[in-house]
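Scroll down for the structure; my scribbles are underneath it.
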Amino acid sequence: MSRFERQIILNGFGIEGQQNLKKAKVLLIGAGGLGCPILLYLAAAGVGKIGIVDGDTVAISNLNRQVLYGENDLGKNKAETAARYFQGKYSDIKWEVFPEFISVENAQEMISGYDLVIDGSDNFPTRYLVNDACVLLGKPLVFGAIYQHEGQVSVFNLGENACNYRDLYPKMPTATEVPNCAETGVLGVLPGIIGNLMALEAIKVLSGFGKPLKNKVLFFNSIASQSYEVEITPNPESREDMPASLTSFEIMDYELACEGVKQLTWDEAMSKMGLDIAFVDVREPGELPPLECTGLMKIPLSTFPDKLDLLEDAEEILFFCQSGIRSQKAAQQLQRDYPEKRIYSIKGGINALKTNHS
Amino acid sequence: MSNTLHIKAFGMVAEKIGLSDLSMDHSGDSAELLAALLVKFPELKTLKFTLAINKKIVNGNQEVPENAEIALLPPFSGG
């Protein structure tokens, strides 16, 4: 008798389903409220290899829902603590621990060795990052997220004509648009339910048993005990903001994309010149070619935020740099201090000026 | 002829408008419906959400069938 006896005898699952789970390698992003139940059930079901990505440490306020951790784990890394818990419980699972947050730099290396990714993270930049990485690397993604008393679950990028997160939400919400658990509160059972639904979807995808939520998203409301299922179809808009290749993925700034800095082309910027607008070069001294024109201010990004008071009186501000990345950071920083100012970054920076106006 | 849409609001959308179920008389396509919703509930202007008509996500602009069920589905990020 094996520890999987009761699922092997299940009609339709069988030895084959179990062997599929045993062969499978699953990467979990985020070992928090969703990640804990996901790990409990994937480990119990006998998934062969499980990777855990989480750079966060256990806090006392996590304990109402992050059921793998206890009072003795406060301050410890979640990925390491979770893996240690299971190593003492089951001897037949391989564990890989990444005690760090996923980023554009490490995502490919983390994900490429796995068959399936599960996103149990807790913020929009990470959700779009994980989605895009899975699309570009061709990995199925089990998605789940919660808000207060509600949750949503789907399986993205599975097989042919598969939808992904951007087919559902093509435009990134800003970080401040939707509050997180820390701001709104959450009953521990909700991530328990949604995490279990995610574990179930993962087991379906890996074992071939049952029908995964491909091109469907399931909403669940814990207060009303209601669920609602909606069909997703590929959305042409979804490709617009997605990096087209792994090379462009590596230079994406997801935090910035979520903050939603307004961008202008040089033509649009030129049409604003002469109006009452501050025009600011945030490149460091010595960067070429220098740009000289009347009214141009030079505030290198390295001098931020000390020099930001120079812009105190300007109502409309246009930032540019060499390639359009630092100017977005500048715009983002200034916007935080002055939410009422109209702030723009010039798309592509000086490089775009050279190619378009040469 | 009356054309009453049955609207279901989720997450932050339900919270902002203070209702999770409502009826609305409306004729027109999905873009016109969205515009009408933003007039009725200006507090939704700052939120991103996806529309579903009869349990299918709307891509681009689509016809709204008579007496359709409309869902207003914001993204969730929590975990």
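Side notes on the structure shown:
- Neighbours of A:THR265 by Cβ distance under 15 Å: Lys/Arg scored +1, Asp/Glu scored -1, total +2.
- For region A:184-331, projected area of the alpha-carbon convex hull averaged over all directions, nm²: 15.1 nm²
- DSSP-defined beta bridges in chain B - what % are antiparallel, rounded to 5: 75 percent
- For chain A, the longest principal axis of the C-alpha atoms and the axis of helix A:78-87 are separated by about 20°.
- In this label model, A:THR265 and A:ASN11 are separated by 6.3 nm, measuring between points 7 Å along each Cα→Cβ vector.
- Counting Cβ atoms of other protein chains within 10 Å of each residue's Cβ and taking the mean over peptide A:144-153 gives 5.
- Choice from B:ALA35, B:ALA52, B:ALA14 showing the highest fluctuation, given a GNM over chain B with Cα pairs closer than 10 Å: B:ALA35
- Folded to 0 to 90 degrees: helix A:35-45 orientation relative to chain A principal axis, Cα: 30 degrees
- When each of A:LYS307/A:LYS347; A:LYS171/B:LYS55; A:LYS23/A:LYS211; A:LYS307/B:LYS45; A:LYS139/B:LYS48 is checked by Cα-Cα distance, pairs over 29 Å: A:LYS307/B:LYS45
- Per-residue ellipticity at 222 nm computed for the protein assembly as shown from its helices equals -8500 deg cm²/dmol, with DSSP H segments shorter than 4 residues left out and the rest contributing -39,500 (n - 2.57).
- Against chain A, whose longest principal axis comes from its Cα atoms, helix A:14-23 is set at around 40 degrees.
- Using θ = phi - 60° and Karplus 6.51 cos²θ - 1.76 cosθ + 1.60, couplings along region B:8-24 (whole Hz; Gly, Pro as x): 10, 10, 10, x, 4, 5, 4, 5, 5, 8, x, 9, 10, 9, 7, 10, 8
- Gain on full stretching of the segment that runs from A:GLU100 to A:GLU240 - 0.36 nm per residue minus C-alpha separation: 47.5 nm
- Of all DSSP-defined beta bridges confined to the protein assembly as shown, some 45% are antiparallel rather than parallel.
- Cα→Cβ-extended label distance, 7 Å offset, between A:SER2 and A:THR174, nm: 5.3 nm
- Extension gain, A:CYS293-A:SER112: 0.36 nm per intervening residue step, less the Cα-Cα distance, totals 60.3 nm.
- Relative contact order computed over chain A (Cα-Cα under 8 Å; 6+ residues apart), in percent: 14 percent
- Candidates A:SER207, A:SER154, A:SER227, ranked by Gaussian network fluctuation over chain A, Cα under 10 Å, top entry: A:SER227
- Reachable aspartates and glutamates, given that their alpha-carbon falls under 20 Å from the alpha-carbon of A:LYS89 and they are not under 8 places away in the same chain: A:GLU5, A:GLU71, A:ASP73, A:GLU80
- Mean-square fluctuations from a GNM of chain A, with a 10 angstrom spring cutoff on Cα atoms, peak among A:ALA314, A:ALA330, A:ALA82 at A:ALA314.
- Beta bridges from DSSP with both residues in region A:5-239: antiparallel share about 50 percent, rounded to the nearest 5.
Readers should treat all values here as calculations from the given coordinates under stated rules, not as data from a laboratory. All values reported here derive from a predicted model rather than from experimental measurement. Heads up, the Cβs are rebuilt from the backbone with ideal geometry, glycines too, and the neighbour counts pull from every protein chain shown.
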